[in-house]
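Please read the structure below before turning to the comments.
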Amino acid sequence: MSKLITTSLIGSINWFQNAPSNYSQQAYLDLKSMLGREKYEMNEYAKRGIEFERMIYDTLKYNKDIGKVKCSDKFKEFLLACKNGTFQSKVKFFLTVSKIEYCIYGKIDVLFKEKIIDIKTTAKWDQYSENKYLNSFQHKFYCFGSKIPDFEYMIAVFDGMNLPIVDIKHINYHVKSFNLLEVEIITKIKEVQRFLDEHEELLNLYNTTYSKY
């Protein structure tokens, strides 16, 4: 059976490795919970992100004429960008690394023939925000798995939990070489496996629970 790799797993490992000392223990427990597939309560920001996506999908599903939708100009910008896309498409591909087969899996928010859009929400935007997205492997996995070279993070910026949207940010990624991208992904998978090999408790959960998808 193949081993599962997701962007959430990579993100949780990165957070544990780089978290400040006062967050390190909680980061480990969060990673352990993920690998053990334990139920957890999403925070209000995560819930808001899911609800925001659902509003976009539902609005487009039931309204053919976006011009008649009563909403803010910024929300309408999301509607126009996502119109005619396919929502929540699965992406899955397999790579064999060091004689182990890995399944890389995810869901694409909005899929077009030549572009992928991923909808994000954030409570603030600062000088470090763009790198947070570009350092993710989400766009790399999704582009490689779909063989679509262009990816855009479309980010609704809020003032904390307050409405309305105060700004929209666009971060674009383009695959220059799928062969080089494959090498980069394989390198990251090796890093993940080395990390797990060094943490027996996490490795056991990864093999016995997380990878049983």
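The values are calculated or read from the model by the stated rules, or taken from the named source; none is laboratory data. No experiment lies behind these values; they were computed from the predicted model shown. Glycine also receives a Cβ, built like all others from the backbone with ideal geometry; neighbour counts cover every protein chain displayed.
Among the residues that make up the stretch 150-167, is at least one of them more than 15 Å from the chain's Cα centre (by Cα), assigned to a loop (DSSP other than H, G, I, E, B) and of a type in the set (V, I, T)?
No, the stretch 150-167 contains no residue that is more than 15 Å from the chain's Cα centre (by Cα), assigned to a loop (DSSP other than H, G, I, E, B) and of a type in the set (V, I, T).
Could you tell me which numbered condition L4 fails, if it satisfies all but one of (1) modelled with pLDDT under 95; (2) within 19 Å of F195 (Cα to Cα)?
Of (1) modelled with pLDDT under 95; (2) within 19 Å of F195 (Cα to Cα), only one is false for L4: (1).
Could you identify the single residue in I155, I165, I148 that is aliphatic (A, V, I, L, M), at negative phi, in contact (Cβ under 8 Å) with a residue 40 or more places away in the chain and surrounded by 12 or more Cβ atoms within 10 Å (Cβ to Cβ)?
I165
For the stretch 15-61, give me the residue count where each residue is without any contact (Cβ under 8 Å) to a residue 12 or more places away in the chain, of a type in the set (S, T, N, Q) and either in contact with a strand residue (DSSP E or B) (Cβ under 6 Å, 6 or more places away or on another chain) or closer than 30 Å to T86 by Cα (or both).
1
Taking into account only those residues within the stretch 129-145 that are farther than 30 Å from C71 by Cα and aromatic (F, W, Y), which is surrounded by the most Cβ atoms within 10 Å (Cβ to Cβ)?
Filtering the stretch 129-145 for residues that are farther than 30 Å from C71 by Cα and aromatic (F, W, Y), the one surrounded by the most Cβ atoms within 10 Å (Cβ to Cβ) comes out as F141.
If we keep just the residues of the stretch 56-109 that are polar (S, T, N, Q) and within 19 Å of N207 (Cα to Cα), which is nearest to the chain's Cα centre (by Cα)?
T96
In the stretch 168-187, how many are part of a helix (DSSP H, G or I) and surrounded by fewer than 18 Cβ atoms within 10 Å (Cβ to Cβ)?
The total comes to 9.
Report the residue count in the stretch 27-55 for those that are at pLDDT 90 or above, under 18 Å from the mean Cα position of the chain (by Cα), surrounded by fewer than 17 Cβ atoms within 10 Å (Cβ to Cβ) and of a type in the set (A, V, I, L, M, F, W, C).
Residues that pass the stated criteria total 1.
Which residue, of E191, E114, is without any contact (Cβ under 8 Å) to a residue 60 or more places away in the chain and either polar (S, T, N, Q) or more than 30 Å from K3 (Cβ to Cβ) (or both)?
Testing whether each residue is without any contact (Cβ under 8 Å) to a residue 60 or more places away in the chain and either polar (S, T, N, Q) or more than 30 Å from K3 (Cβ to Cβ) (or both) leaves just E114.
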